[in-house]
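As structure tokens, the structure follows; a few thoughts come after it.
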Amino acid sequence: METLSFAFPAGQPARQRAQVGCVGSGDLEVLLEPGQAGTLSIQVVTSVNGSAERWRHLFERMFAGGNPPALNVDIHDFGATPGVVRLRLEQALEELSDV
């Protein structure tokens with residue numbers, strides 16, 4: 001198991017929490033909580049050691065240059081593919097916008 005941390009610029013905090021996926025059935029769980037204004041903080045706990053570059057590239061494609069809400073993101077991964085990760089993150093962000 002490996003724990004990775006990432007941070008990106010963000011806007012104002014989200015107003016609610018969101019949870020999508022389940023490690024037990026889908027290899028990936030994403031939890032979003034409102035964060036500190038200006039910061040998108042991501043923590044990944046993964047069973048795939050040595051995958052930090054893959055995660056960093058995925059998050060950069062999703063969040064660099066944008067203005068995501070300020071969030072604390074916890075990801076619990078058990079070997080999900082990058083496509084599944086992106087899908088789950090997009091699902092979680094969509095839940096936040098459905099308020």
### Task
Please give the helix 52-63 orientation as an angle from the longest Cα principal axis of the chain, in degrees from 0 to 90, rounded to the nearest 10.
30 degrees
### Where the chain is the region considered: accessible area per residue in Å², 1.4 Å probe
55 Å²
### Summary
So the FRET efficiency between ARG56 and GLN12, C-beta based with R0 = 22 Å and rounded to 0.05, is 0.35
### Query
What angle do you read, to the nearest 10 degrees and between 0 and 90, between the alpha-carbon axis of helix 82-97 and the longest principal axis of the chain?
30 degrees
### Task
Pull out a ≥ b ≥ c, the square roots of the eigenvalues of the alpha-carbon gyration tensor of the stretch 1-72, then state rounded if a/c is under 1.5, prolate if not and a/b is larger than b/c, and oblate in the remaining case.
oblate
### Task
Provide the net charge surrounding PHE6, with neighbours chosen by a C-beta distance below 15 Å and charges set as Lys +1, Arg +1, Asp -1, Glu -1.
-1
### Message
Name the residue from GLN43, GLN91, MET62 whose Cα lies farthest towards the positive end of the charge dipole of the chain, charges +1 on Cβ of Lys and Arg and -1 on Cβ of Asp and Glu.
### Response
MET62
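Can you send over the carbon and sulfur percentage of the accessible area for the stretch 30-99, probe radius 1.4 Å, protein chains only?
Details: 1770 of 3530 Å².
So the carbon and sulfur contribution to the accessible surface is 50 percent.
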### Message
Suppose every Lys and Arg Cβ carries +1 and every Asp and Glu Cβ carries -1, with no other charges. What dipole size does the chain come out with about its Cα centre, to the nearest 20 debye?
### Response
200 debye
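Counting DSSP beta bridges with both partners in the chain, what percentage is antiparallel, nearest 5?
Within the chain, antiparallel bridges account for around 70 percent of the total.
Given the rule -39500 (n - 2.57) for each run of at least 4 DSSP H residues, summed and divided by the residues of the chain, what is its mean residue ellipticity at 222 nm, to the nearest 500 deg cm²/dmol? Show your work: numbers first, answer last.
Details: 3 runs with 32 residues, N = 99.
Theoretical 222 nm ellipticity from helices: -9500 deg cm²/dmol.
The values are calculated or read from the model by the stated rules, or taken from the named source; none is laboratory data. This is a predicted model, so every value here is computed, not measured. Cβ: placed from backbone, ideal geometry, glycine included. Neighbour counts: every protein chain shown. Just the protein is used for accessible areas: all its heavy atoms, side chains included, with ligands, DNA and RNA removed. Shrake-Rupley method; radii C 1.70, N 1.55, O 1.52, S 1.80 Å.
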